[in-house]
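First the structure, in the form of structure tokens, and then the observations on it.
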């Protein structure tokens, strides 16, 4: 399959959000990655429903929404209503993960599960066949611009093995510290979708940066 580049809107210029949305629309990017933080599950607060709805109004690509919140079940239908195409919840935030995944699918969205850096891949053994996506955090969640955690490569390889062993169709996504320097190695390890925030939006030419990232993995 074609590899997916998903710029993280957390790193966009919030004072010029429509401009940055149009930039992603015009680029080789495939998805909009939108991080939702509640100040409880992670020590930061980000987008709420009105902002996501506003992004959806202008976005012409898949809305990949990543919930870093406690008790995500309360808001599943709300995120569908504001435009999420993919909804990813954290394993660490869900008491009844299978029920949460089924609720996401019942709303017509693709369902993903994210793992924090300290959470082992093995916790997904009993649910991997039900997932459309697994998001591996390659930094500790909560803030953009952090350094990439090298153990991510091993976790990706373990996850790829689990997906193949179980016959799952889940995509592997990585979020945090993705750059020109590590994207090829991540792709070779088995990553399908790459979230890039600061590396894209803080570059001198974000459209060219996205093109460069895409080119490095397009033949992998």
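Bear in mind these aren't lab numbers, they're just calculated from the coordinates by the rules spelled out. These numbers were taken from a predicted model, which means no experiment stands behind them. Don't worry about glycine lacking a Cβ; one is built from the backbone with ideal geometry, like all the others, and counts go over all protein chains shown.
The stretch 1-40 gives an Rg/Rh value of 1.04, both radii derived from C-alpha positions and Rh following Kirkwood.
From the gyration tensor of the Cα coordinates in the stretch 1-113, what semi-axes in whole Å does the equivalent ellipsoid have, largest first, with each one equal to sqrt(5λ)?
Values: eigenvalues 107, 51, 31 Å².
Its equivalent ellipsoid spans semi-axes of 23, 16, 12 Å.
Taken along the Cα-to-beta-carbon direction at a fixed 7 Å, the label points for residue 98 and residue 211 span 4.9 nm. Centre-to-centre separation between the Cα atoms of the stretch 1-47 and those of the stretch 160-220: 15 Å.
Among 63, 137, 40, the largest mean-square fluctuation in a Gaussian network model of the chain (Cα springs under 10 Å) belongs to 40. Peptide packing: for 161-168, 69-76, 6-13, the average count of neighbouring Cβ atoms within 10 Å per residue gives the ranking 6-13, 69-76, 161-168, highest mean first. Comparing 64, 192, 78 in a Gaussian network model of the chain where C-alpha atoms under 10 Å apart are linked, the largest mean-square fluctuation is found at 78. Only DSSP H runs of four or more residues enter the estimate; each adds -39500 (n - 2.57), and after division by the residues of the chain the mean residue ellipticity at 222 nm equals -9500 deg cm²/dmol. In terms of the Cα gyration tensor, with a ≥ b ≥ c the square roots of its eigenvalues, is the stretch 4-217 rounded because a/c is under 1.5, prolate because a/b exceeds b/c, or oblate? Since a/c reaches 1.5 but b/c is at least a/b, the shape of the stretch 4-217 is classed as oblate.
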